[in-house]
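Visitor: Below is the structure I would like to discuss, written out as structure tokens.
The values are calculated or read from the model by the stated rules, or taken from the named source; none is laboratory data. Note that the coordinates shown come from a computational prediction; the quantities given were computed from them, not determined experimentally. Virtual Cβ from ideal backbone geometry, glycine too; neighbours counted across all protein chains shown. These accessible areas exclude ligands, DNA and RNA; they are computed on the full protein's heavy atoms, side chains included. Shrake-Rupley method; radii C 1.70, N 1.55, O 1.52, S 1.80 Å.
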Amino acid sequence: MPHTAAPRINPSILAADFVNMQRDLERIRTADFVHVDVMDNHFVPNLTFGPQMVERIQQTSPIPLDVHLMIDDPDRWAPGYAEQGAASVTFHLEAANEPVSLARRLRAIGARAGVAVKPMTPVEPLFEILDDVDQILVMTVEPGFGGQSFMPETMPKLRRLTDEARRRGSAVWLQVDGGISASTIAQAAEAGADTFVAGSAVFGAQDPATAIASLRQLAATRTH
Ligand code: DX5
Ligand code: ZN
């Protein structure tokens, strides 16, 4: 069954210049969402920024925010990002105490609720909460750093998730994040992804807008 919507491209500002954030946000204004990686140095061995920085990005960005929380205790912290106005807030299944109630709280605030799984985490436990979330992120690298290599071994589980979502007629968005580039995006689209995070492939390109357009086109020709 073909997707009706065009594939979404969400550049990750982890690959942006942190002291030229406003300039780099302008460079990706043709993207669908800006992907904002929050890391706490506990859930992942890296540290980025927290609510104060995300609030300024929210105020500055010409496009909506897709916040990816790689943090412990999202039950406590995730709703604050939704309250700031993030379009979507994604927490990790591995870190959440009460994923269903957290997803419902995010939705009640007005954000799209997202849940993410690391490469080694199975997707089957997500089948139970499929109706309570708006998007599911299948990590295609171990979370923590940009510029890593795409893990093709995550594709069979993305395919199983796609099949289950379609069998149920779910409107959930299926997102991939990590190592997405012109040479890997088609495999992820083929396995059913419709939302693609790309950091180095966008900000490492000479012209981010051209990179966004060509990623979108490559994903569209393979999405089915
Ligand atoms: C990794 C982050 C990603 C990262 C992707 O933990 O969640 O969003 O920025 O970067 P690339 O596209 O360079 O792999
Ligand atoms: Zn991310």
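Visitor: Within 16 Å of ligand 1 (Cβ to nearest atom) and over 16 Å from ALA111 (Cβ atoms), is that true of ILE28?
Guide: For ILE28, the condition - within 16 Å of ligand 1 (Cβ to nearest atom) and over 16 Å from ALA111 (Cβ atoms) - is met.
Visitor: Among the residues of the range 197-204, are any more than 10 Å from ligand 1 (Cβ to nearest atom) and in contact (Cβ under 8 Å) with a residue 60 or more places away in the chain?
Guide: No, the range 197-204 contains no residue that is more than 10 Å from ligand 1 (Cβ to nearest atom) and in contact (Cβ under 8 Å) with a residue 60 or more places away in the chain.
A quick yes/no check of all residues on (1) within 12 Å of the chain's Cα centre (by Cα); (2) within 22 Å of ALA198 (Cβ to Cβ):
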residue: GLN22; (1), (2): no, yes
residue: PHE49; (1), (2): no, yes
residue: GLN52; (1), (2): no, no
residue: GLN58; (1), (2): no, yes
residue: TRP77; (1), (2): no, no
residue: VAL89; (1), (2): yes, yes
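Visitor: Looking at (1) in contact with a Ser or Thr (Cβ under 7 Å, 6 or more places away or on another chain); (2) part of a loop (DSSP other than H, G, I, E, B), find the lone condition where ALA31 falls short.
Guide: (1)
Visitor: Within the range 136-190, how many residues turn out to be closer than 19 Å to ILE212 by Cα, in contact with a Lys or Arg (Cβ under 8 Å, 6 or more places away or on another chain) and within 8 Å of ligand 1 (Cβ to nearest atom)?
Guide: Count: 0.
Visitor: Please give the helices (runs of 4 or more DSSP H) falling wholly within the range 125-224 in which 3 or more residues are out of contact with any Leu (no Cβ under 6 Å at 6 or more places or on another chain) and either of a type in the set (Val, Ile, Thr) or open to solvent by 40 Å² or more (accessible area, probe 1.4 Å) (or both).
Guide: 155-167, 208-222
Visitor: Output the qualifying pairs, or none if there are none: Cβ atoms under 6 angstrom, residues six or more apart or on different chains, first residue in the range 26-54 and free of Cβ contacts under 8 Å to residues at least 24 places away in the same chain, second residue assigned to a loop (DSSP other than H, G, I, E, B) and surrounded by fewer than 21 Cβ atoms within 10 Å (Cβ to Cβ).
Guide: LEU47/ASN41
Visitor: Which of (1) of a type outside the set (Val, Ile, Thr); (2) farther than 25 Å from GLU94 by Cα; (3) out of contact with any helix residue (DSSP H, G or I) (no Cβ under 6 Å at 6 or more places or on another chain) is the odd one out, the single condition LEU47 does not satisfy?
Guide: For LEU47, the exception is condition (2).
Visitor: Which residues, taken from the range 49-93, are surrounded by 16 or more Cβ atoms within 10 Å (Cβ to Cβ), in a loop (DSSP other than H, G, I, E, B) and among the acidic types (Asp, Glu)?
Guide: Hit for the range 49-93 is ASP72, nothing else.
Visitor: Within the range 94-124, how many residues are open to solvent by 50 Å² or more (accessible area, probe 1.4 Å) and either of a type in the set (Asp, Glu) or touching an Asp or Glu at 6+ places or on another chain (Cβ under 7 Å) (or both)?
Guide: 8
Visitor: Among the residues of the range 13-36, count how many are open to solvent by 10 Å² or more (accessible area, probe 1.4 Å) and within 11 Å of ligand 2 (Cβ to nearest atom).
Guide: Residues in the range 13-36 being open to solvent by 10 Å² or more (accessible area, probe 1.4 Å) and within 11 Å of ligand 2 (Cβ to nearest atom): 2 in total.
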